[in-house]
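Below: the structure, in structure tokens.
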Amino acid sequence: MAIVKEKSNELNQKALVTLFVIDASRYGLGQLRFTAEKDKNGDELVMNGNTYMCIPIEAEGFEVTNQGTMPTPNLRFFLDDLTIRSILIGSKDLLGCPVARIRMFEDNLDNGEDPDPQARLNDDIYYIEQKTKQTNYEIEFELKTLMDIQGRKIPRNVTNKNTCMQTYRVYDPLTDQFVYNNVSCPY
């Protein structure tokens, strides 16, 4: 992270690239890697040995404000490739799949001047909540944070007042003492 801060303060900065990873394992598709950019030679971007397919994609609304609500970004795919169209439509619209937005400088990619897959800004992790638009030319998804996904409650586990489900000591009647071996409470 320190390398990213140093590079972001330089006067002559390299290009900042944005990569997207959709974990579509729940639909049997594995990790889908996309970007809207190519490197300076016109080749597809490669980070950490993984190639990111260059397709027309737009993402907006990732800005975090101090208004108290989490951002709900939109991810828009333009359907000029039949492969992308079949993936998006044939997988129940990828609902519930996590989406990672990775931002890093172009020279830190595998084919860059200083390859380092760890030198990047913090990843933004969102989940596909719903499909908001579909035409013959584009599909748009609304993304949400894990806390904002419909039907989720925090905390997910039930707590009871004045009750602890952990064992921090066991009474041994033979020795008339408490035994602290094999306990489940870390406190």
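Phi angles across the range 82-95 convert, under the Karplus curve 6.51 cos²θ - 1.76 cosθ + 1.60 with θ = phi - 60°, into 3J(HN,Hα) values of 5, 5, 5, 4, 5, 5, 5, 7, x, 10, 6, 6, 6, 4 Hz, Gly and Pro given as x.
Ordering ARG169, ARG76 by accessible surface, largest first, gives ARG169, ARG76; the 1.4 Å probe counts only protein heavy atoms, with every chain in place. Checking the cross-link pairs LYS14/LYS133; LYS38/LYS92; LYS40/LYS144; LYS38/LYS133 against a 31 Å limit on the alpha carbon distance flags LYS14/LYS133; LYS40/LYS144 as lying beyond it. Computed on protein heavy atoms with a 1.4 Å probe, the accessible areas place ILE87, ILE139 in the order ILE87, ILE139, largest first.
Relative intensity of the range 10-71 on a log10 scale, I(q)/I(0) at q = 0.13, 0.27 Å⁻¹, equals -0.52, -1.13, per a Debye sum over C-alpha point scatterers of equal strength in the absence of solvent. In this simple spin-label approximation, ASP114 and SER184 carry label points 7 Å from Cα along the Cα→Cβ vector, and these lie 5.0 nm apart. With every protein chain in place and a 1.4 angstrom probe, the accessible-area ranking of LEU174, LEU82, largest first, reads LEU174, LEU82. Spacing of the modelled spin labels on LEU121 and LEU146, each 7 Å from Cα toward Cβ, amounts to 2.2 nm. Accessible surface of VAL183, taken over heavy atoms with a 1.4 Å probe and every protein chain present, rounds to 50 Å².
The values are calculated or read from the model by the stated rules, or taken from the named source; none is laboratory data. Predicted model only: the values in this text are computed from it and were never measured. Positions of Cβ are generated from backbone atoms using ideal geometry, with glycine treated the same way; all protein chains shown enter the neighbour counts. Remember, those area values only see protein heavy atoms, side chains included, never the ligands or the DNA or RNA. Shrake-Rupley method; radii C 1.70, N 1.55, O 1.52, S 1.80 Å.
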